[in-house]
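Below: one structure, written as structure tokens.
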Amino acid sequence: MKKDAESRKIAILGSTGSIGTQTVEIVRANPELQVVALAGGTRVEPIEAQIREFHPLIACMWTDEAAKELALRVKDLPVRVVSGMDGLLEIAAMPEVEVLVTAIVGMIGIRPTIAAIKAHKTIALANKETLVTAGHIIMPLAKECGVSILPVDSEHSAIFQSMQGQPRERVHKILLTASGGPFRGRTKEQLACVTVEDALKHPNWSMGKKITVDSATLVNKGLEVMEARWLFDVDIKQIEVLIHPQSILHSAVEYADGSIIGQMGLPDMKLPIQYALFYPDRKPMDGGRVDLCQISQLTFEKPDMETFAGLSMALAAAEAGGTMPTVYNAANERAVSLFLQKKIRFLQIYELIADCMSAHRIVNNPNVNEILEAEAETYDFIKQLTGDTQL
């Protein structure tokens, strides 16, 4: 290992994705951070490059085939290569890990997060599905184990920062901002013919394809509302979504006395990632700064939840509780996949989510197995609806 014992030792699950690679950039710029474990999906080349740069103790690939290929490529290095869920669970509980960055995509993030909490690791949370589907399990467990869950998502980080030093019981409401995505202001009729290429042209943020589409549908904001409910222990009705096209105010908190405290900055995910890695410290970071005079104005508007039904359906799923948020999330995941493959139209994303939610029988207070079963049942239902056996 390259760095000394004073380093803050981190593991990155999903190190080759959008959040993972930006986390790696922060590590590169901060010698006091040391990567002791990495986990990727099936792409071997990028994780090999990370291994050669950061010399972790262990690396995990999702499939056995990818793990075997990686092991051959790095056989000249003292790194152990593991695979699958067993590998992720091993990394999550490693004695050397102090902070686990959960940048992995999907509900496979739930079990490693639980394992890390039980092993008393600090969680830098970038995996939405963990709290959306299992917040009722994760947050009480973290409290019981005395573990900090530090949000990496820009909006949740802004809320978290706006609550520092403030009495939680005096929170009146959370103001959760959204850019509005590439289709802000369009009507349902105008959305009928939008293309995949149109949906991927986000005005402010550079993100992965799925989350960019989720931003266009406002599903992403719905998922963030469900996350915020658990992270900050508030009622759904205390969370107000505001469309803020400039993406400068990343979110804010209104307190009982009417004061609003928010966090502003350029739309750059590296800021909330770095804040989580060094919390409670604020380290210097290279990059641009907000020039309020140049921006000249910040605007806010209410979301059009009739046209962009992803948000209204999320609120309904959150109110229903139990396994319904899992169904919402799983249905959207498959629908977005079909849209990106150009097998369905943009508005059919909403239709598939609605069909899955209507057909679902809720299991209240589900355990992890029941959550995963609800996900699998939703996938099967969409296969039946679409006839697409490749899903």
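The values are calculated or read from the model by the stated rules, or taken from the named source; none is laboratory data. Note that the coordinates shown come from a computational prediction; the quantities given were computed from them, not determined experimentally. Backbone-built Cβ (ideal geometry, glycine too); neighbour counts: all protein chains shown. Heads up: the accessible areas ignore ligands, DNA and RNA and are worked out on the full protein's heavy atoms, side chains in. Shrake-Rupley method; radii C 1.70, N 1.55, O 1.52, S 1.80 Å.
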* To do: Only residues that are surrounded by 13 or more Cβ atoms within 10 Å (Cβ to Cβ) and part of a helix (DSSP H, G or I): list them for the range 142-168, please.
  => Ala142, Cys145, Ser154, Glu155, His156, Ser157, Ala158, Ile159, Phe160, Gln161, Ser162
* List the number of the failed condition for Pro140; all other conditions in (1) closer than 24 Å to Arg282 by Cα; (2) more than 16 Å from the chain's Cα centre (by Cα); (3) of a type outside the set (Ser, Thr, Tyr) hold. => (1)
* Asked: What's the number of the condition Thr177 fails, among (1) part of a helix (DSSP H, G or I); (2) hydroxyl-bearing (Ser, Thr, Tyr); (3) under 18 Å from Ile239 (Cβ atoms)?
  -> (1)
* **Criterion violated by Asp198 - all others in (1) of a type outside the set (S, T, N, Q); (2) at pLDDT 95 or above; (3) assigned to a helix (DSSP H, G or I); (4) over 19 Å from the mean Cα position of the chain (by Cα) satisfied** => (2)
* Structure fact -> Only one of Lys9, Lys75 is of a type in the set (D, E, K, R) and in a strand (DSSP E or B), namely Lys9
* Asked: Are any of the residues in the range 21-38 in contact (Cβ under 8 Å) with a residue 40 or more places away in the chain and part of a loop (DSSP other than H, G, I, E, B)?
  -> yes
* Can we say Val241 is among the β-branched types (Val, Ile, Thr), surrounded by 18 or more Cβ atoms within 10 Å (Cβ to Cβ) and assigned to a helix (DSSP H, G or I)? -> no
* Within the range 215-237, tally of residues that are of a type in the set (Phe, Trp, Tyr) and assigned to a helix (DSSP H, G or I) -> 1
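From the list Lys342, Lys383, which one is open to solvent by 20 Å² or more (accessible area, probe 1.4 Å) and assigned to a loop (DSSP other than H, G, I, E, B)? First the steps, then the outcome.
Numbers: Lys383 fails: assigned to a loop (DSSP other than H, G, I, E, B).
On inspection, the qualifying residue turns out to be Lys342.
It is to be established whether one or more residues within the range 321-328 are surrounded by fewer than 19 Cβ atoms within 10 Å (Cβ to Cβ), modelled with pLDDT of 95 or more and in contact with a helix residue (DSSP H, G or I) (Cβ under 7 Å, 6 or more places away or on another chain).
First, pick out the residues of the range 321-328 that are surrounded by fewer than 19 Cβ atoms within 10 Å (Cβ to Cβ): 321.
Still in the list and also modelled with pLDDT of 95 or more: 321.
From the residues that got through so far, the ones that are in contact with a helix residue (DSSP H, G or I) (Cβ under 7 Å, 6 or more places away or on another chain) too are none.
No, the conditions are met nowhere in the range 321-328.
Please go through the range 39-53 and pick out each residue that is open to solvent by 20 Å² or more (accessible area, probe 1.4 Å) and not in a loop (DSSP other than H, G, I, E, B). Before the answer, list the steps.
Step one: of the range 39-53, the residues open to solvent by 20 Å² or more (accessible area, probe 1.4 Å) are 41-43, 45-46, 48-49, 52-53.
Within the range 39-53, Glu45, Pro46, Glu48, Ala49, Arg52, Glu53 meet the criteria.
Residue by residue, here is whether (1) modelled with pLDDT of 95 or more; (2) in contact with a strand residue (DSSP E or B) (Cβ under 8 Å, 6 or more places away or on another chain); (3) under 18 Å from Thr212 (Cα atoms) holds:
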{"site": "Gln263", "(1), (2), (3)": "yes, yes, no"}
{"site": "Leu277", "(1), (2), (3)": "yes, yes, no"}
{"site": "Met285", "(1), (2), (3)": "no, no, no"}
{"site": "Arg289", "(1), (2), (3)": "no, no, no"}
{"site": "Gln294", "(1), (2), (3)": "no, no, no"}
{"site": "Glu301", "(1), (2), (3)": "yes, yes, no"}
{"site": "Met313", "(1), (2), (3)": "yes, no, no"}
{"site": "Arg334", "(1), (2), (3)": "yes, no, yes"}
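Each row is one residue, and each column tells you yes or no for (1) open to solvent by 10 Å² or more (accessible area, probe 1.4 Å); (2) among the hydrophobic types (A, V, I, L, M, F, W, C); (3) in contact with a Lys or Arg (Cβ under 9 Å, 6 or more places away or on another chain).
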| site | (1), (2), (3) |
| --- | --- |
| Arg186 | yes, no, no |
| Thr195 | yes, no, yes |
| Asp198 | yes, no, no |
| Lys201 | yes, no, no |
| Gly208 | yes, no, no |
| Ser215 | yes, no, yes |
| Leu223 | no, yes, yes |
| Trp230 | yes, yes, no |
| Asp233 | yes, no, yes |
* Identify all residues within the range 309-320 that are open to solvent by less than 10 Å² (accessible area, probe 1.4 Å) and within 18 Å of Val194 (Cβ to Cβ); write none if there are none. => Gly310, Leu311
* To do: Could you list all residues from the range 221-244 that are out of contact with any strand residue (DSSP E or B) (no Cβ under 8 Å at 6 or more places or on another chain) and closer than 18 Å to Phe300 by Cβ?
  => none
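What tally of residues in the range 246-261 results from selecting those that are at pLDDT 95 or above and either open to solvent by 10 Å² or more (accessible area, probe 1.4 Å) or not in a strand (DSSP E or B) (or both)? Before the answer, list the steps.
Just the residues of the range 246-261 that are at pLDDT 95 or above, to begin with: 248-261.
Still in the running and either open to solvent by 10 Å² or more (accessible area, probe 1.4 Å) or not in a strand (DSSP E or B) (or both): 248-250, 254-261.
The total comes to 11.
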* Quick one: which of Leu89, Leu77, Leu100 is farther than 27 Å from Pro203 by Cβ and open to solvent by less than 10 Å² (accessible area, probe 1.4 Å)? -> Leu100
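Of all the residues that make up the range 193-233, how many are over 17 Å from Gly135 (Cα atoms) and of a type in the set (Lys, Arg)? Before the answer, list the steps.
Quick first cut of the range 193-233, residues over 17 Å from Gly135 (Cα atoms) only: 193-219.
When the remaining residues are screened for being of a type in the set (Lys, Arg), the result is 201, 209-210.
Selection size over the range 193-233: 3.
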* Structure fact -> Among Pro284, Pro325, Pro267, the single one that is in contact (Cβ under 8 Å) with a residue 40 or more places away in the chain and part of a loop (DSSP other than H, G, I, E, B) is Pro267
